[in-house]
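Down below is the structure, laid out as structure tokens.
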Amino acid sequence: MSKLTVDNVSIIGAGLAGLTLALALHQQSIPVTIYESRPAPLNIGGAVMLSPNALKVLDALGIYDIVKTKGYNFDSLEYRDINGNLTEIQEFGGVEKYGYHGLRIYRYVLIDELVAALTKAGVRMEYGAKFSHIEKDTTEGVTFALTDGRSISTSILVGADGIHSTVRKYLYPDLETTFVGMAGITAAVPTSQLRLPQGYHIPVTIVSPKGAFIIAPQKVDGSEVLIGKQMRLAPADRQTGWDRDFVADKQSAIEFLQSGNEAFPEFVRNAVSRIDPDKVNKWPFFVVHRLDRWTSATGNVVILGDAAHAIPPSAGQGINQAFEDVYILALILGQRDSIGDIAAALHFWQTYRQDRVDKVLELNKQIDQRRMPSTGAGVGKESDPAKQSFELGWLYNPDFKKGVMDWVAKSA
């Protein structure tokens, strides 16, 4: 069997997916360079929820022990009704069962640690280097252009550039992301502001006939919480509801968070009583409809993460699934001495990953049914049939290395 040649990999995008991929490729002794259009590492607000499947990746890359001390560790998310009754528990971690606590950590903290690890490893990161287009894509490699006029040749080009990916335009010139008519409206407030009842468990999703209110602690000591609700836009508003003006309008977000809370417990009204506009976020939910392929015909141009399969944040799996993408891809490329057919290898990668993404999307639907207000004859009605608890072993306990090595053995 001929060997797969991977002299170097170029990554477009220095977000969490791109940085983690670079670290994973470096671990496999594959030279890599990251190109990021922004002039410096991302320093955007908001925290992410990392579940055991993603923490297993960070552990394998040697940074879990660092980041676990810089976020809030927890094991479960409770669902309660407006009277305080516990209706179900969604596991998000557990050392005995899954090997790791769940971790809620600020995105910029995680980015800083990844950048530090890459800097220490000597991985090249170019900021202010914006991808323009692909000039040549053959079995010998890829040549792509930056907007500053440079042309760069590489064995493999990876688009880790998010839901509105520019690299994806090469594979799907006419594809447009789809706004699903929903948005997450969130803010960060001091935990003390809520005046929670003694012993009340958070994170929690409080479900009412008018929707759900989410409270999730963040910072190492849990001294701050994210609060949030999901907004459903009327069909007439969906064409413009996702635009920049909508996202930038923080006052309307505050008004939404503060309105319609009469049915919720008093601590919810306390939570929204004082909101700093600088700590408000609007997250329109976009999807990328299932794509037939995440690679070019040669296999030398690859998209992953949100560029390939944007996942609404209902289950908190967006970045977790991106980490799976990058780690499994690096494991496969790390077997380059045993792989002769890049197309077959990438077909296995996409098939393996798409199966798990599809299951996450189904999990999202189940969670959305619990969070959204009733529309009169379906989602969110208190008279809905009893809801089954989530079974998450399939999600949190994967054996990534075994999956890859089993495939390599079969394809040899």
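The values are calculated or read from the model by the stated rules, or taken from the named source; none is laboratory data. Keep in mind that what you see is a predicted model, and the values were worked out from it rather than measured. Here the Cβ is made from the backbone with ideal geometry for all residues, glycine too, and neighbour counts use every protein chain on show. Areas reflect the complete protein model, heavy atoms only, side chains present, ligands, DNA and RNA absent. Shrake-Rupley method; radii C 1.70, N 1.55, O 1.52, S 1.80 Å.
Quick notes
- Among (1) surrounded by 14 or more Cβ atoms within 10 Å (Cβ to Cβ); (2) under 30 Å from THR69 (Cα atoms); (3) modelled with pLDDT under 95 - the single one GLY260 does not satisfy: (2)
- Scanning segment 162-221 for residues that are of a type in the set (Lys, Arg) and open to solvent by less than 50 Å² (accessible area, probe 1.4 Å) yields one hit, ARG168.
- Hits in segment 79-104 - residues which are open to solvent by less than 20 Å² (accessible area, probe 1.4 Å), of a type outside the set (Phe, Trp, Tyr) and in contact (Cβ under 8 Å) with a residue 60 or more places away in the chain: GLU88, GLN90, GLY93, ARG104
- The combined condition, being closer than 23 Å to ILE202 by Cβ, crowded, with 23+ Cβ neighbours inside 10 Å and at pLDDT 95 or above, is fulfilled by LEU55.
- Matching residues in segment 110-129 - criterion: being exposed (fewer than 15 other Cβ atoms within 10 Å of the Cβ) and either at pLDDT below 95 or not in a strand (DSSP E or B) (or both): ALA116, THR119, LYS120, ALA121, GLY122, GLY128
- Near pairs, Cβ below 7 angstrom, 6+ apart or cross-chain, from segment 358-369 (more than 20 Å from ARG80 (Cβ to Cβ)) to any residue that is part of a helix (DSSP H, G or I) and open to solvent by 30 Å² or more (accessible area, probe 1.4 Å): LYS359/TRP394
- Test: residue in segment 74-89 that is touching a Pro at 6+ places or on another chain (Cβ under 6 Å), under 18 Å from GLY222 (Cα atoms) and modelled with pLDDT of 95 or more: no
- Residue that is most open to solvent (accessible area, probe 1.4 Å) [pool: residues in segment 363-412 that are modelled with pLDDT of 70 or more, part of a loop (DSSP other than H, G, I, E, B) and among the aliphatic types (A, V, I, L, M)]: ALA412
- Segment 200-218 - residue that is in a loop (DSSP other than H, G, I, E, B) and modelled with pLDDT of 95 or more and, of those, farthest from the chain's Cα centre (by Cα): TYR200
- Scanning segment 266-286 for residues that are open to solvent by less than 30 Å² (accessible area, probe 1.4 Å) and either assigned to a loop (DSSP other than H, G, I, E, B) or small (Gly, Ala, Ser) (or both) yields ALA271, VAL272, ILE275.
- One residue stands out in segment 33-48 among those that are outside any loop (DSSP other than H, G, I, E, B) and β-branched (Val, Ile, Thr): the one that is farthest from ILE152 (Cα to Cα), namely VAL48.
- All positions within segment 98-113 that are within 18 Å of GLY318 (Cα to Cα), out of contact with any strand residue (DSSP E or B) (no Cβ under 6 Å at 6 or more places or on another chain) and not β-branched (Val, Ile, Thr): TYR108, LEU110
- On the stretch given as segment 298-332, residues that are under 10 Å from the mean Cα position of the chain (by Cα), aliphatic (A, V, I, L, M) and open to solvent by 10 Å² or more (accessible area, probe 1.4 Å) total 2.
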